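Everything on this sheet refers to the single structure shown next.
Each value in this text was obtained by applying a stated rule to the coordinates, not by laboratory testing. All of these numbers come straight from a predicted model, not from anything done at the bench. As a convention, Cβ positions derive from the backbone with ideal geometry for all residues, glycine included, and neighbour counts pool all protein chains shown.
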Amino acid sequence: MTGALVLAAIGAASWWGYGAWVTRTTARYDSQCRALRSESQWAAMAQLAQEWSEWDPQSADAWLFRAEAAQESDSLKSAVEFLGEIPTTHKKAIPALILKTNIEFEDLNRPLAAVDTCQQLIRLKSNLPFPHQRLIFFYSLTSQRQELIKQITAAIRKGCEPREAYAYLMISDALTFTNGFEVNSAWLQSSPDSEVFIVGRAVQMAQFIQALPNVDTSIYGTVETRDKLMSDYLKQYPHNPELLRYFLHRAAGQGDVRQIGQLLTQVLDEYSDDSIFWRYRGWYHNAHDELEQAETAYRKSNALFALDWQTKHELAAVLRRRQELDEVETLQQLALEGKQISSDVQQIPNAAVISSEMLARIQRYAARCGYELVSQSLARRL
C-alpha cells in the first residue's frame, strides 16, 4: 500500500472514529436527560442540557431539554429563548416555534413577540394553519383591518384559512368583540406605549358600545369622557387608520361634510389600498355634487374590496343621480344581500363554528360580487 493510500485509510478511520464518538456522546446526553426528566429533576436536567447545547449548539434536542426544564421551573422567559435557538432547518423547529408562540401569547403576555414568531413560522412553512390563525386573531382583536384582510388573503391563497376568516371578511369594517377592550388592555401592559394596543382598546370599546346601545356602559365612563378620550387619541395619532375609520364613520352618520374632508386629508399614501377610505372619498364627492369623482372613488373602493355592501349601495345612489341606470338594480340587490349576510354574521356567538349554510351564502355572494379568490376557495371547502 502506498503512503498516500495509507494516509487516506488512516484519515477515513479517524473520521469514522470521530463520528462514532459524536454519536455515542449524543446518545449519552439524550439518555441521561430522559432519565432526569422521568424523575422530575429539572435543575439537574437543565445543567446537563446546557452542557450538551454548549458542546453541540446545533442539537435541537439539547435546546428542547433546556426549554422543558426552564418551563417546568417556571422560567418561561428562558424557555422561549431556548426554543428560539433551535436551528430552523431542523424538523423539530416548527413544533418548537408553535410552543414558543403559545407561551408568548398566553403565559408571558408578549403578543408582539408572538406575532414575530408567527411570521417566522410562515416563512418556514407558508401553508401552516397555526400561525395564520393566530395572526388573524391578533389583527382582529386590535382592529387592524388592512392587516387582517391581507392575512386572510394570504391564508386563503395557501389553502389554510380558518373558518372564521370568512365571517371576519364580511364584517371587517366594524369587527367588534365583547372582550376586545379587556384583551387589548391586558396586551397593553406588555407594551404601555404601543399605539397598536392603545388604539385597539379604544376602538374596540367604542364599537362595542355602538353595537349594544342598550347595555350599561357606565364602566367605560360617561359619553363625554369617552368622546374626549377618542378625540385626544386622534390628536396623538392623527394618521392612525383605525382611528380615522372610526371618526369617518361617525362623521358620515352625522352628515358632517367638513369633518369628512378634514379626516381624509390625514390619510397617508401608504393606506391607499384601504377600500374604506375610498368609500368615504366617494361620500365626500357625492356630498359636493361631484358625481364623476364620486363614482371613480366608489369603483376604486369596490375593486379593492368587493364584499363591501355599503360601497355598492352608495355607488348605486350616485349612478342613479347620474341617470346611468344599467347597473343600479344589480348593485342594489347585491347591497341588500351583503347587508343581510353581514347582519346575520354579527349574530353568530362564535365565528369559529360558523355554519356551512352561512359559508355557502358568503360563497354565493362573493361569486356574484366577482371576488373569485373567496368564492372559489369556499366552493372547494364546501
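For a paramagnetic label modelled on Asp30 (point 7 Å from Cα along Cα→Cβ), amide N atoms under 20 Å away belong, within the stretch 63-87, to 63-69, 83, 85-87. For the chain, the membrane-span-like helix rule (DSSP H, alpha carbon extent of at least 15 Å along the helix axis, mean Kyte-Doolittle at least 0.5) picks out 111-124, 195-211; this says nothing about an actual membrane. Would you list, by chain and number, the aspartates and glutamates whose Cα falls below 14 Å from the Cα of Lys339, excluding same-chain residues fewer than 8 positions away? Lys339 reaches Asp173, Asp308, Glu314. Spatially, the stretch 323-382 and the stretch 121-198 are offset by 21 Å when compared through their Cα centroids. Placing a label point 7 Å from the Cα of Ser190 along the Cα-to-Cβ line, the residues of the stretch 92-107 whose backbone N sits under 17 Å from it are 97-107.
Averaging sequence separations of C-alpha pairs under 8 Å and six or more residues apart, then dividing by the length of the stretch 35-172, give the relative contact order as a whole percent.
Working: 149 pairs, mean separation 18.4, N = 138.
Here the relative contact order equals 13 percent.
Taken over the stretch 197-300, the percentage of Cα pairs per 10 Å bin, counting from 0 up to the bin with the maximum distance, is 14, 43, 30, 12, 1.
Kirkwood hydrodynamic radius computed over the chain comes to 24.4 Å, based on all pairs of distinct alpha carbons.
Give, in nm to one decimal, the length gained when the segment between Ser73 and Lys150 is fully stretched (0.36 nm per residue of separation minus the Cα-Cα distance). Working shown, then result.
On the way: separation 77, 0.36 × 77 = 27.72 nm, distance 3.90 nm.
Between Ser73 and Lys150, full extension yields 23.8 nm more.
In a fully extended conformation the segment linking Arg157 and Ala360 would gain 71.2 nm over its present Cα-Cα distance, using 0.36 nm per residue.
Taking every pair of distinct Cα atoms and averaging 1/r, then inverting, what Kirkwood hydrodynamic radius in Å comes out for the stretch 60-165? List each step's numbers first, then the result.
On the way: mean 1/r = 0.0707 Å⁻¹.
Hydrodynamic radius (Kirkwood, Cα pairs) of the stretch 60-165 is 14.1 Å.
The three principal axes of the C-alpha atoms in the stretch 256-335 carry coordinate ranges of 35, 25, 18 Å, sorted with the longest axis first.
Between Ala287 and His90, what FRET efficiency comes out of the Förster formula 1/(1 + (r/R0)^6) with R0 = 56 Å and r the beta carbon distance, rounded to 0.05? The partial results should precede the final answer.
Details: r = 60 Å, r/R0 = 1.06.
Approximately 0.40, to the nearest 0.05.
Rank these for me by crowding, Phe65, Phe181, going from fewest to most other beta carbons within 10 Å.
Numbers: Phe65 26, Phe181 22.
By the 10 Å Cβ count, ascending: Phe181, Phe65.
Would you mind getting me the FRET efficiency between Gln376 and Leu112? Use the beta-carbon distance for r and R0 = 51 Å, nearest 0.05. The pair Gln376/Leu112 has a calculated efficiency of 0.90.
Could you pull out which residues in the stretch 43-61 have an amide N less than 19 Å from a spot 7 Å beyond the Cα of Val22, following the Cα-Cβ vector? Under cut-off, by backbone N: 51-61.
Quick check on my link table: of Lys125/Lys158; Lys150/Lys300; Lys77/Lys100; Lys100/Lys150; Lys92/Lys125, which ones sit more than 21 Å apart, alpha carbon to alpha carbon?
Details: Lys125/Lys158 10 Å; Lys150/Lys300 17 Å; Lys77/Lys100 10 Å; Lys100/Lys150 24 Å; Lys92/Lys125 13 Å.
Violating the 21 Å limit, Cα to Cα: Lys100/Lys150.
Computed log10 I(q)/I(0) for the stretch 225-382 at 0.09, 0.11, 0.12, 0.18 Å⁻¹: -0.35, -0.52, -0.61, -1.15, from the Debye equation with unit scatterers placed on every C-alpha and solvent omitted.
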